[in-house]
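Below is one structure, written out as structure tokens; the observations come after it.
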Amino acid sequence: VATYVLLALLIGFDLAVGDMPVMRVSYALRGMYPPEGFDSSHDTKHRAVMLVLLLAPAFLAARREWGLRAALPLAALAALLIVLHRSETSLMCLAGMAVAAPLAFWRPRPLMWAGLIGLGLLSAAPPFLHGHIPSAREIARAHPEISKSLLARFIIWEYAASRITERPLIGFGFDAAREIGGREPQRHYDFDPFPDGSTYRPLMEPIPLHTHNGVIQIWLELGAVGGLIGTLILMLTWTKALGETNAWQRAGSAALFMAAMAPMLSSYSLFQNWWVGSVWIAAAALEAQRGEA
């Protein structure tokens, strides 16, 4: 709890002061010295995701030590900092946790079955996406208010879905998304001007490093075999989370699952070291409280 509060205060100080002095120190420790006016928003979004990912075990630990009078203010502080980052991914995490935790506490069985059905449909979708979803340009025309970062993801998903159809059973091999994207040169993707007069013309590979969606990535790399294994692992994890006998531990487990799924479906690679390691740390912190929550 002390570590989480310290991290939250450091992040809050960064946001209040401006120019991100704490983040600049973290850059300097790695030998990086960005110039004045450097846009660190990409990294700030990562730390917002970390805040929400570690929130469930921190909340349960605070409740165990000092009760809800400590846990609720901690959650409120974390939620405020997460919202101030204006990161779509971290906001999705927060919304998912806000829905999953109380349902897991009071209505675990319906939530478990709803989650299993959702995971099944989600995992079965990638091989059927090509030719059955609108293109990124069509989405931009229909929804001009959509964020440009999400449009970039639609470009990636559209291309990855087309490649899945080439090897739907066994895929292109472990970590192939990086190789597939690196084979082709960067290209411009032109969108119609937006209502506010702005234009969007990203220069990018069809897959920059990874697909930014774990379910699409596992189908692209490991095909139906990998998709089936991945689905079973997710279903078993979800079933175990909702099978906890302690209501607080059950709510925390469901919240952590949702917090991890949102970035996995929209931002990070399945095999991205720092992200996978962070999920393991959060899971270990939650597991350490078993029987004490």
For Phe13, the accessible surface traced by a 1.4 Å probe with all protein chains present amounts, in square angstrom to the nearest 10, to 110 Å²
Which longest run of the chain has no exposed loop site in it, a site being GluC sites (Glu not before Pro) in a DSSP loop with at most 16 other beta carbons within 10 Å, and the site itself not part of the run? 167-291
Within 10 Å of each candidate Cβ there may be at most 12 other Cβ atoms; applying that plus a DSSP loop requirement, which trypsin sites (Lys or Arg not before Pro) in segment 1-77 survive? Arg30
Note: Ser198 to Ala284 extended length (0.36 nm per residue) minus current alpha-carbon separation gives 26.4 nm
Formal net charge of residues neighbouring Ser269 (Cβ-Cβ distance under 15 Å; K, R +1; D, E -1): -2
Give me the number: length gained by fully extending Ala114 to Arg24, i.e. 0.36 nm times residue separation minus the C-alpha to C-alpha distance, one decimal in nm. 28.1 nm
By the scheme Lys and Arg +1, Asp and Glu -1, what is the net charge of all other residues having a beta-carbon under 14 Å from that of Met112? +3
With a/c under 1.5 counting as rounded, go ahead and sort segment 55-150 into rounded, prolate or oblate using the C-alpha gyration tensor (a ≥ b ≥ c being the square roots of the eigenvalues; past the cut-off, prolate if a/b is larger than b/c, else oblate). oblate
Tell me the per residue accessible area of the chain using a 1.4 Å probe; a whole number in Å² is fine. 52 Å²
If I compute solvent accessible area with a 1.4 Å probe over the protein chains, what percent of it on the chain is carbon and sulfur? 67 percent
Label selected from (1) 32, 27, 17; (2) 33, 20, 18; (3) 29, 25, 18, the criterion being semi-axes √(5λ) of the Cα gyration tensor in Å as computed here: (1)
If I take R0 = 30 Å and measure r between the Cβ atoms of Asp190 and Ser147 in this structure, what FRET efficiency does the formula 1/(1 + (r/R0)^6) give, to the nearest 0.05? 0.95
Using only the alpha-carbon atoms of segment 83-129, report the extent along each of the three principal axes, biggest first, to the nearest angstrom. 36, 32, 7
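The values are calculated or read from the model by the stated rules, or taken from the named source; none is laboratory data. This structure is a prediction, so every number in the text was calculated from the model and none was measured. As a convention, Cβ positions derive from the backbone with ideal geometry for all residues, glycine included, and neighbour counts pool all protein chains shown. These area figures cover heavy atoms from the full protein model, side chains too; ligands, DNA and RNA do not enter into them. Shrake-Rupley method; radii C 1.70, N 1.55, O 1.52, S 1.80 Å.
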